[in-house]
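What follows is one structure encoded as structure tokens, with my remarks underneath.
The values are calculated or read from the model by the stated rules, or taken from the named source; none is laboratory data. None of the values given here were measured: they were computed from a predicted structure. All Cβ positions, even for glycine, are placed from backbone atoms using ideal geometry, and neighbour counts span all protein chains on display. In case anyone asks, the SASA skips ligands and DNA or RNA and just uses the protein heavy atoms, side chains included. Shrake-Rupley method; radii C 1.70, N 1.55, O 1.52, S 1.80 Å.
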Amino acid sequence: TFRHQMFEGYKAGRSPMPEDLALQIPLARDLLSALGFQPLGLDLYEADDLIGTAARKGEEAGMQVYIVTGDKDILQLISDQTSVVLLTTRKTGSESEIMTPESMEEEYGVSPEEWLDVKALMGDASDKIPGVKGVGAKTALRLIAEYGSLDAVYENLDRQKGALRTNLENGKEDAYLSRELSEIHREAPIPDLDGLISRESRELFDREALTALFTRLGFRSFLERFELESGEPEEERPELSAYPDLDRFMDKIKDEDSLAFFLPQKGEKGLLVSSKAYVEFEDTGRLFSLIAERPNPFLTWDMKGQLRKADRKAPSRAAEDLMIAAYLLNQLGRGDDVEYALRAVLGADYRPLPQDSLPLLEDRLETKKALALQLLPALPLQKEELNLRGLDRLYQVEKSLTLILADMEKKGILIDREALEAASAEMAQELSRLEESIYRDAGKAFNINSPQQLSEVLYTDLDLPTGRKSATGQYSTAAEELDRLRGYHAIIPAILDYRELSKLRGTFLEGLKKEIKGDGRVHTSYNQTVVTTGRLSSSNPNLQNIPIRTDRGSKIRELFIAPAGRLLVGADYSQIELRLLAHLSGDENLSRAFLEGRDVHLVTASTLYAKPEEEVTPAERSVAKTVNFSITYGISDFGLSRDLDIPIYEARELIDRFHAKYPDVEAWMQNQGELAKERGYVETLFHRRRYVPELQSQNRNTYNFGLRAAMNAPVQGTAADLIKMAMVDIEKLLKKEGLDADLLLQVHDELILEADEKSAPRVAALLKKAMEEAMPLDIPLVADVRFGRTWGDLK
């Protein structure tokens, strides 16, 4: 815009409009036009300028103008004819306040005309308008209220004292530049209002255009609100015969008939539906027996979620799960969006569910029947697509996994509550000691968790070297900024220590305490259809992000215990992503290191530092380890230099030496990037796709992220597939041998089981077998297995 031409730093560093939002702008214009609004857009001008110009034209035409906004910059436009409806968004909803010249004076002590001079002094961090350094909102309001204008402030500069006078003197040029940048341009060449505004107050809607848009977007509730007819032909839903009980219903069912079901939840019955009939039921056990005994395809949506809500153990046979199939076929919107998935599968044959159909499975019988009748024809279409994409095996694994995860969630893991309480109390005391130390170093007490107060202590009181500013305009106290200040003052390591301890106690100790149920266990939820690479995630609580790199973090794992007479059995894959990279790339040198059972980090270090393996130091091996693992994520020289705290040119040399040692790794990774550009996606070894729309972006950072994702997703995704296969296999082995053991946790490349003490050695042997034989690879898989009383003992 013209403001960028005035000041190069204007809005510098601001992220561009997200691409998923940019794609919606044309649609929004169409919708606004159909609703009777008149969208305005003009190159080189900002929205505020168009608003200001329209407001001026409205005033000149004798109109009363209202501007609805959440942006206080607009307050400069307030006049006797123009009011601003100022919106504030809160958790409870939006609140509005009508601002007039009188309310401006009352609330801020300045007039609308003076507001621009306030902005000139205080600047605007979000737009990178500089203002006067050291002058905030309160000072700017006081000065303008007292002197009436920016000119008058500078005419009376000799009345100011100390730092304020110095700041005003040094910032005069910035102040007048900021005033010019902040002023809303009211002469934008927009069309005359007569061509924009209809004088009619009713029937401004284009009913035909609205109907077509609402129908295409699936906004059914809006069709009703605007009293429009649906653009879709009404179709009679088939009338289903009702049966009184499961057995009489099944007597009429042929072996090849597909059956859709929903489990009984608290306060409601379950439902079983064929294409011609239905039955409501309460006996979940009987349904599970039918699923195990009958050859019919039984199908549903989100089996694991239904089992959790019903507080039931899983059946012995997995049903077809259309949510899992939709996840593998990239047909999901959000993880629970059944209507989105059905639209994707059925296309023009999709029929919207009855109104008031959400939340899913907590509504009336008719909605469940309507949903079941669409799940039935969707399944064969999904199965055909799964077959075409080579996803049959992975679907069987994921389908079986729903039952395993449901039982893991129901079982939970035991927490040593007394030890938890003691650890929390001990950390509270340590935090108190750190607090006192920090206050001594700062020379005063303050809120350590307040970025603003901490920034003041570090950069004003202690006069430490300043770095980058945060979005609020103050000097940043983010972790990387504090790391930069290590060695300047003793307060820095204490603050970093305080932050780590505070997070550990608040998030993990106090957080875990709230999650312990009546059985003394924590029952996490596993999200099976969320992560694009196929990994599981964990929530309520998240047991996958408990830190292990620090002594304090690893001690938290000691709070997870086995009950009396039982042990925890754990195993994790050794260097799984590097092994998979060797298999996928076929690189001879990397493969040989694993086939010969050598230390791959030593092998790499030997190349990086041009010395024999026996002469490599522990520090050099550590660097090689970082390089090895970083390469699988397509790391840049900048990223590696940051991680290793070395110059960028050194990081570049390390990467070049790695690729010289393992040339086929680089060739394979580059090929993944090219495939992603050509096809729009990459695949795991078992054909799970990760679409990479970021490669269509014009934004360099977004594009580079997409490129790294394309290189890493096949490796990380195959690792996710691998451990899921191992989970299914260990479950089968445990059942086959009748061992008293249960899977409890999956944490990335690690599995944790709880077993009878006598069975633990055998369970450990089976777990190792399941993980190492989960899939045939050119490179041997290695799982490190151990058992103990606590999760922390599994080292």
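Please tell me if Pro761 is in a loop (DSSP other than H, G, I, E, B), surrounded by fewer than 20 Cβ atoms within 10 Å (Cβ to Cβ) and not β-branched (Val, Ile, Thr). No; evaluated as a whole, the condition is false for this residue. Comparison of Gly93, Gly70, Gly9, Gly41 shows that the only residue that is under 35 Å from the mean Cα position of the chain (by Cα), loosely packed, with under 14 Cβ neighbours inside 10 Å and touching a residue at least 60 places away in the same chain (Cβ under 8 Å) is Gly9.
Residues of the stretch 604-657 being touching a residue at least 24 places away in the same chain (Cβ under 8 Å) and either assigned to a helix (DSSP H, G or I) or of a type in the set (Asp, Glu) (or both), which ones? Residues satisfying the conditions are Thr604, Thr607, Leu608, Val623, Lys625, Val627, Asn628, Phe629, Ile631, Leu654, Ile655, Arg657.
Across the stretch 674-702, the qualifying residues are those that are closer than 24 Å to Ala22 by Cβ and touching a helix residue (DSSP H, G or I) at 6+ places or on another chain (Cβ under 6 Å), and the one among them that is most open to solvent (accessible area, probe 1.4 Å) is Lys677. Pairing residues of the stretch 468-484 that are part of a loop (DSSP other than H, G, I, E, B) and surrounded by 15 or more Cβ atoms within 10 Å (Cβ to Cβ) with residues that are hydrophobic (A, V, I, L, M, F, W, C) and modelled with pLDDT of 85 or more, at Cβ distances under 8 Å and at least 6 apart in sequence or on separate chains, gives Ser470/Ala478; Thr477/Leu454; Thr477/Leu458.
For every residue, the table says whether it meets (1) at pLDDT 95 or above; (2) among the basic types (Lys, Arg); (3) assigned to a helix (DSSP H, G or I).
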| site | (1), (2), (3) |
| --- | --- |
| Ala660 | no, no, yes |
| Glu674 | no, no, yes |
| Arg690 | no, yes, no |
| Gln698 | no, no, no |
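Restricting Gln396, Gln382 to residues that are among the polar types (S, T, N, Q), part of a helix (DSSP H, G or I) and open to solvent by 10 Å² or more (accessible area, probe 1.4 Å) narrows the list to Gln396. Evaluation of Arg598 against the conditions (1) among the basic types (Lys, Arg); (2) within 23 Å of Ala783 (Cβ to Cβ); (3) in a helix (DSSP H, G or I) shows that the sole unmet condition is (3). For the stretch 749-795, filtering for residues that are more than 26 Å from Leu559 (Cα to Cα) and among the β-branched types (Val, Ile, Thr) leaves 2.
Taking the conditions (1) out of contact with any Gly (no Cβ under 6 Å at 6 or more places or on another chain); (2) touching a residue at least 60 places away in the same chain (Cβ under 8 Å); (3) open to solvent by 30 Å² or more (accessible area, probe 1.4 Å); (4) of a type in the set (A, V, I, L, M) in turn, Leu536 satisfies each one other than (3). Suppose the filter is under 30 Å from Val665 (Cα atoms), open to solvent by less than 10 Å² (accessible area, probe 1.4 Å), in contact (Cβ under 8 Å) with a residue 60 or more places away in the chain and not charged (D, E, K, R); does Gly706 pass it? The answer is no for Gly706.
Counting only helices (runs of 4 or more DSSP H) that sit completely within the stretch 207-305, those holding 3 or more residues that are farther than 30 Å from Lys410 by Cα correspond to 207-217, 220-225, 246-251. With the structure loaded, tell me whether Val627 is modelled with pLDDT of 90 or more and more than 20 Å from Asp587 (Cα to Cα) or whether it fails that test. No; evaluated as a whole, the condition is false for this residue. Please verify whether Val728 is at pLDDT 95 or above and farther than 30 Å from Ala326 by Cβ, treating the condition exactly as stated. No: the conditions fail for Val728. From the list Thr460, Thr367, Thr466, the lone residue that is touching a strand residue (DSSP E or B) at 6+ places or on another chain (Cβ under 6 Å) and more than 30 Å from Asp519 (Cα to Cα) is Thr466.
Every condition in (1) part of a helix (DSSP H, G or I); (2) of a type outside the set (Ser, Thr, Tyr); (3) modelled with pLDDT of 90 or more; (4) surrounded by fewer than 18 Cβ atoms within 10 Å (Cβ to Cβ) is met by Leu512 except one, and the failing one is (4).
Filter the stretch 585-597 down to residues that are touching a helix residue (DSSP H, G or I) at 6+ places or on another chain (Cβ under 8 Å) and of a type in the set (D, E, K, R) and give me whichever is least open to solvent (accessible area, probe 1.4 Å). Checking each candidate, the answer is Asp587. For the stretch 433-454, filtering for residues that are modelled with pLDDT under 90 and among the polar types (S, T, N, Q) leaves 3. Looking across Leu322, Leu371, Leu353, Leu365, one residue alone is at pLDDT below 95, open to solvent by less than 30 Å² (accessible area, probe 1.4 Å) and either more than 30 Å from the chain's Cα centre (by Cα) or closer than 29 Å to Ser537 by Cα (or both). It is Leu371. The residues listed here are Ala419, Ala428; of these, the one that is within 26 Å of Gly788 (Cβ to Cβ), open to solvent by less than 70 Å² (accessible area, probe 1.4 Å) and either assigned to a helix (DSSP H, G or I) or without any contact (Cβ under 8 Å) to a residue 12 or more places away in the chain (or both) is Ala419. As a summary of the residue check, Ile404 satisfies the conditions (1) within 30 Å of Arg312 (Cβ to Cβ); (2) not in a helix (DSSP H, G or I) except for the one numbered (2). Can you tell me which of (1) farther than 30 Å from Ala726 by Cβ; (2) touching a residue at least 24 places away in the same chain (Cβ under 8 Å); (3) assigned to a loop (DSSP other than H, G, I, E, B) is the one Ile438 doesn't meet? If we test Ile438 against (1) farther than 30 Å from Ala726 by Cβ; (2) touching a residue at least 24 places away in the same chain (Cβ under 8 Å); (3) assigned to a loop (DSSP other than H, G, I, E, B), just (3) comes out false. The set of residues in the stretch 55-67 being surrounded by 15 or more Cβ atoms within 10 Å (Cβ to Cβ) and over 18 Å from Leu86 (Cβ atoms) consists of Arg56, Lys57, Gly58, Glu59. Screening Val530, Val522 for residues that are touching a Gly at 6+ places or on another chain (Cβ under 7 Å) and open to solvent by 50 Å² or more (accessible area, probe 1.4 Å) leaves exactly one candidate, Val530. Residue pairs whose Cβ atoms lie under 9 Å apart, separated by 6 or more positions or on different chains, with the first residue in the stretch 257-268 and open to solvent by 20 Å² or more (accessible area, probe 1.4 Å) and the second of a type in the set (Ser, Thr, Tyr), are Asp257/Ser274; Asp257/Ser275; Ser258/Ser274; Ser258/Ser275.
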